[in-house]
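Notes follow the structure.
The values are calculated or read from the model by the stated rules, or taken from the named source; none is laboratory data. Just so we're clear, the structure is a prediction, and the values are computed from it rather than from any experiment. All Cβ positions, glycine included, derive from the backbone under ideal geometry; neighbour counts span all protein chains shown. Note: areas computed on protein heavy atoms with side chains; ligands, DNA, RNA excluded. Shrake-Rupley method; radii C 1.70, N 1.55, O 1.52, S 1.80 Å.
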Amino acid sequence: MNAFQRIAIIVGYEWRRAIAKKKFLVLLILALALQVGLFALFYYFFTNPPPGFTVIGPSLEEVKAMMWLVGVLGPQSLFIPLIAIVIAGGSMSEEYERGTADILLSKPITKIEYMTGKFLGGLSLLGFVIALTTTLGATLAYGLFGPQESIQFVPVIYLVLLYANMLFFSMAFMFSEVFRRTTLSILAAIGILVASLFIDGILSTMYFISGGEQLYLEVSKWLPNWSVSNLPSFVASELITAPESPFVSMPGGDIQLAAAIIAVYTITSILIAALKLVKSDVTKRTS
Amino acid sequence: MASQPIITVSSLTKYYGDFKALDSVSFAVGKGWVYGYLGPNGAGKTTTIRTMLGLLKPDQGEIQIASINPAKDPVQALQSLGYASELPTLQTFFTGEQLLDFMGKMFGLATQARKEKIKQLLDLVGLEEWGDKKIGKYSKGMVQRLSLALALVNDPMVLIMDEPTIGMDPEATAHFRNLFTTLSKQGKTIFISSHLLDEVQRICTHVGMINRGRMVFDGPITQVLETFTQQWVIEAELKKVTKTMISALKKLDYVQDVKSEENKLRIELKEKKDLRGEISSEIFKHKGVLLSLNLHQITLEDAYLRALKGGQ
Ligand SMILES: Nc1ncnc2c1ncn2[C@@H]1O[C@H](COP(=O)(O)OP(=O)(O)OP(=O)(O)O)[C@@H](O)[C@H]1O
Ligand SMILES: [Mg+2]
């Protein structure tokens, strides 16, 4: 057996672990229900527009054809990062908490292979969840609002979503190995996500109050949520340049910067996790 | 030692924070040995075993399993090793079969080989009817049995077990004791930590004793008994003990001393020899009626307790 085979076995283990546990199924169902709920709301709104409602900018008809973007990008700002955190936050720690790390790491596998398998296993699970929400979003858009424009970009945007979500995924994964406690890891990562959204809010308020002081914007870009929630829409507005697109009016952003920031956070987190795993004892039972 | 040892532990020192759990522990286990690792609670047995497997980082010292350091190259060192941990905690969401199958995969067993192995092992540990049930539903003893099956999934050359039969019923304990003997006859090397001294005495060829992180004995089991036996004693129970009988026994040149208590005699011998024949004929000469006569050889337990005293 080579390293790839050993890593693949752990990836398979992560999947079986997730499927065997109800937590993952609950999350999945929740993600899908949220998507359906979102569309039901929009559909209701479109079919029964409130009296006196007028659309500024693109017409309602034009927006309808781009509704798939709502389904694909909608869950990105909060819900998908949360799922990423929940999957990764228990990935390493649960084995310590349940005392099952011993039986895994006393097998012919290196710690790094084990960690890589865990990481890729969790990431592929997340990929699966995003694929489901994306597909469901696009399908619902088509079913409820008729033919969709530029829908051929769904696969690319899907990949960008997966890439962007590596940030909170890796961060929670790192906490999971460093703290070796699932609840603590998940709370820490969620704390960072929420704090980041909050600080982002303050900074943009300051930006407006100060009458466009660039410094506030520059700083906010380094908050973890900025790149995660913006990269997919930056890419979308770059790809979709049809005149009827609601993104025509939306300013594109610095795709490279966002991608680089995500890479920095992700790689740093992975390195810290690997260092901790290699340098420390395998804990027997922490719960 | 005739051949190259399979397990070598040299000057192993391990701290938990400021606490020194292992203090320069050394021993070697030869091929085909059944090595009993003894010590009171908190002596450092589990710490030794988990360091041997590379799960804990030693502060000093080195481990070799088949000449490879498992912390540096676990893939090589652990390929033909089986490990059953102390109070095993297994993946409760799997069934016994699923977990065996997964562990078989980790050792690179092919699908068909795994299938056969799973059936064979479940039979061996007496879980044939539980293979398809979730481990979360197993009793403590059943988890322990499955853990032993898992340790055997790769047909290991070296088997390391941390108190494997603790919590098992007497029948299962006897069953596994026989199993360990069978495995040892097949040429496997077995390292077993235990508190059950009579069990160790029955199956082990070698013994290591640890107390407060220090080795207090390491050698063949015959030697343990020899080392810690100061004296052999014959205990006799008679219908009636007379004074003349006692003084006659005391006069024998191989008798050190005789103590009596009601109808019992405790005859301490000068030599480490089975002198029951001589003693019984002497008693018979004085019209004594023997009810029982035992040569009280030192047990491993006595030796163990003495070793611990010496080590403190
Ligand atoms: N993770 C840990 N952190 C701190 N101290 C520990 C840790 N694990 C064990 N110890 C201490 O190290 C010593 C040796 O423990 P170990 O578990 O190796 O003993 P043992 O011989 O296996 O005992 P037992 O027979 O009870 O299983 C004990 O004093 C224990 O309190
Ligand atoms: Mg122990």
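Tabulated values for the structure
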item	result
Enumeration of residues in the stretch B:1-12 that are under 23 Å from B:L159 (Cβ atoms) and either in contact (Cβ under 8 Å) with a residue 60 or more places away in the chain or open to solvent by 10 Å² or more (accessible area, probe 1.4 Å) (or both)	B:M1, B:A2, B:S3, B:Q4, B:P5, B:I6, B:I7, B:T8, B:S10
Only listed residue being part of a strand (DSSP E or B) and charged (D, E, K, R), chosen from B:D253, B:D257	B:D257
Number of positions in the stretch B:15-44 that are away from chain A (no Cβ under 14 Å), part of a strand (DSSP E or B) and away from ligand 2 (no atom under 11 Å from the Cβ)	12
Selection count where residues are in a loop (DSSP other than H, G, I, E, B) and more than 26 Å from the chain's Cα centre (by Cα), scope the stretch B:62-86	2
Conditions (1) more than 19 Å from the chain's Cα centre (by Cα); (2) within 16 Å of ligand 1 (Cβ to nearest atom); (3) not in a loop (DSSP other than H, G, I, E, B); (4) not basic (K, R): number failed by B:T89	(3)
Which listed residue, of A:I255, A:I261, A:I267, A:I240, is at pLDDT 95 or above, surrounded by 13 or more Cβ atoms within 10 Å (Cβ to Cβ) and more than 14 Å from every other protein chain (Cβ to nearest Cβ)	A:I261
The lone exception for B:R145 - which of (1) assigned to a helix (DSSP H, G or I); (2) closer than 27 Å to B:Q76 by Cβ; (3) in contact with a Phe, Trp or Tyr (Cβ under 9 Å, 6 or more places away or on another chain) it fails	(2)
Hey, A:G146 under 20 Å from A:A40 (Cα atoms) and open to solvent by 10 Å² or more (accessible area, probe 1.4 Å) or not	yes
Residue check, B:D59 more than 14 Å from chain A (Cβ to nearest Cβ), over 19 Å from the mean Cα position of the chain (by Cα) and within 15 Å of ligand 1 (Cβ to nearest atom)	no
Any pair with Cβ under 9 angstrom, 6 or more apart, that starts in the stretch B:178-203 at a residue that is within 14 Å of chain A (Cβ to nearest Cβ) and ends at one that is within 16 Å of ligand 2 (Cβ to nearest atom) and among the aliphatic types (A, V, I, L, M)	B:F191/B:I49; B:F191/B:M52; B:F191/B:I160; B:F191/B:M161
Residue that is nearest to B:F180 (Cα to Cα) [pool: residues in the stretch B:203-220 that are open to solvent by less than 50 Å² (accessible area, probe 1.4 Å) and within 15 Å of ligand 2 (Cβ to nearest atom)]	B:G208
Residues located in the stretch B:119-138, provided they are open to solvent by 20 Å² or more (accessible area, probe 1.4 Å) and either more than 25 Å from B:T182 (Cβ to Cβ) or in contact with an Asp or Glu (Cβ under 6 Å, 6 or more places away or on another chain) (or both)	B:D132, B:K133, B:K134, B:G136, B:K137
Filter pass, A:I19 being in a helix (DSSP H, G or I), within 14 Å of chain B (Cβ to nearest Cβ), surrounded by 19 or more Cβ atoms within 10 Å (Cβ to Cβ) and free of Cβ contacts under 8 Å to residues at least 60 places away in the same chain	no
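This table checks each residue for (1) more than 16 Å from ligand 2 (Cβ to nearest atom); (2) open to solvent by 10 Å² or more (accessible area, probe 1.4 Å); (3) not in a helix (DSSP H, G or I).
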| site | (1), (2), (3) |
| --- | --- |
| B:P156 | yes, no, yes |
| B:E171 | yes, yes, no |
| B:I192 | no, no, yes |
| B:Q201 | yes, yes, no |
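Listed here are the residues, each with its yes/no results for (1) within 19 Å of B:S184 (Cα to Cα); (2) open to solvent by 30 Å² or more (accessible area, probe 1.4 Å); (3) within 7 Å of ligand 1 (Cβ to nearest atom).
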site	(1), (2), (3)
B:K14	no, no, no
B:G17	no, yes, yes
B:A21	no, no, yes
B:A28	yes, no, no
B:K31	yes, yes, no
B:Y35	yes, no, no
B:G42	no, yes, yes
B:T47	no, no, yes
B:M52	no, no, no
